[in-house]
Amino acid sequence: DETFSLDRDTFAARERELWVGADGDPSREDDGWSGLAHYIPAATSITRLPFVTHFGVGQGTGYFVDGENVAAPAWRAEGWNHLSLQDLQPTWRWWVEGTASVRIDLDRAYQGGSSLRIEVAGPEAAHVRLFATDLVLPEAARLGVAHRAEAATPFAVGLHFADDPAEAVPVAFEAGPAWEAEQADLSAFAGRRLVALSVLVPASGPPVALNVGRLAITETDEMPGAPRDVTVERRAEADDGSLAVGLTWTAPDEPVDRYEVFHRLGDGRRAFVGGTSGTAYFVPAVRPTGDSEAVLEVVAVGRTGTRSAAGTVTL
């Protein structure tokens, strides 16, 4: 039945047409359907700092920390869905000026399960409007961006201010083949009201394939304390020797965005087994790394993305 979306790409295309119309530009009146964004003025919840997004949609084929896939094998094999791990999403999906193709990339991420991917096939420049905001920038404001590209790619984050919202004031970056996290000082714009954020890709001969894995405006890095009193509330052993475990813990005093649960492996690495915005989590299957023990770790992730020391429990 053609009325149903049986794969992610088809669903994404139909979702995009619903919101911004067939041509991807909700500012224009289309002959047919112009998209909901054409008829409903954009509003924003980004009215204070910190603002941080990794473009996570609560699903993916891996789970990444600083660009490294740390997902447990079951998460990689089956993919995962968990809306507690979703980030703040762009206001416009997608508002594109130029010839760029824009999507959420579920295979590449800097943090979490996905990132923003912008592809430009021709030499024309592209301007992708992302977030409506309502922020008066403080003196200590910093712009944070994590990026990677198939080849060396200059791009810029566009700052749109209330006195001239149509103009994008560019903050330049250059992406390469590995993830890189950078910060730019925004003190020169202190006191100005920021009303939108965008990404600009200049005109270029070669095709562009750019991933943005973090976009943030912060003042300071907020470091939460470690979760306390990590406790096994319930456990059950399966026939294959794995354990199903119900965990609880006590939140630190500092603000927390979410918690990540890891299984510490025998070689010192950690495998991500789940995450939540609450203070309890069910791990369906964990196996001992040695003869009889398994160590689970719970890490608090702050509002600016910093990670605490781990609270641990040994099974």
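The values are calculated or read from the model by the stated rules, or taken from the named source; none is laboratory data. Since we're looking at a predicted model, the values are computed, not measured. Methodologically, a virtual Cβ is constructed for each residue, glycine included, from the backbone with ideal geometry; neighbour enumeration extends over all protein chains shown. Accessible surface is based on the protein model in full, side chains and every heavy atom, while ligands, DNA and RNA are left aside. Shrake-Rupley method; radii C 1.70, N 1.55, O 1.52, S 1.80 Å.
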### Query
Taking Cα atoms, how many degrees apart are the long axis of helix 8-20 and the longest axis of the chain, rounded to 10 and kept between 0 and 90?
40
## Note on the structure
Residue by residue through segment 208-222, the couplings from Karplus 6.51 cos²θ - 1.76 cosθ + 1.60 with θ = phi - 60°, in Hz, x for Gly and Pro, are 10, 9, 10, 10, 10, x, 7, 9, 8, 10, 9, 10, 9, 7, 8
### Query
If you place +1 on the Cβ of every Lys and Arg, -1 on the Cβ of every Asp and Glu, and leave all else neutral, what size is the dipole of the chain about its Cα centre, to the nearest 20 Debye?
540
### Task
Towards the positive end of the charge dipole of the chain, with charges on Cβ (+1 Lys, Arg; -1 Asp, Glu), say which of Gly56, Ala37, Ala309 has the farthest Cα.
Ala309
### Query
What does the convex hull of the Cα atoms of segment 1-102 come to per residue, in Å³, rounded to a whole number?
160
## Note on the structure
The ratio Rg/Rh over the Cα atoms of the chain, Rh being the Kirkwood inverse mean 1/r radius, stands at 1.01
### Query
For segment 75-137, what is the per residue volume of the convex hull drawn over the alpha-carbon atoms, in cubic angstrom?
138
### Task
For segment 220-315, report the accessible area per residue in Å² (1.4 Å probe, heavy atoms, rounded to an integer).
50
### Sites Glu293 and Arg269, calculated FRET efficiency, Cβ-Cβ separation with R0 22 Å, nearest 0.05
0.85
### Message
Cα atoms only: what Rg and Dmax, in Å, come out for segment 251-315?
### Response
12.2, 39
### Task
For Glu182 paired with Ala203, estimate the spin-label separation in nm (one decimal), with each label point 7 Å from Cα along the Cα-to-Cβ line.
2.3
### Query
What is the gain in length, in nm to one decimal, between Thr231 and Arg14 on full extension, counting 0.36 nm per residue of separation less the C-alpha to C-alpha distance?
73.7 nm
### Query
What ranking, highest mean first, results for peptides 181-190, 241-250 when packing means the other Cβ atoms within 10 Å averaged over each residue?
241-250, 181-190
### Query
How much FRET efficiency would the formula 1/(1 + (r/R0)^6) give for Leu36 and Thr250, where r is the Cβ-Cβ distance and R0 is 51 Å, rounded to 0.05?
0.75
### Task
Quantify, in whole percent, the carbon and sulfur part of the accessible surface of the chain (1.4 Å probe; protein heavy atoms only).
50
### Message
Once R0 is set to 51 Å, what does the formula 1/(1 + (r/R0)^6) return for the Cβ-Cβ distance between Ala172 and Phe282, expressed as a FRET efficiency to the nearest 0.05?
### Response
0.65
### Task
Would you mind putting 268-279, 209-220, 108-119 in packing order, based on average other-beta-carbon counts within 10 Å, highest first?
108-119, 209-220, 268-279
## Note on the structure
Taking a crude spin-label model, label points 7 Å out from Cα along the C-beta direction, the Asp221 to Thr99 distance in nm is 4.1
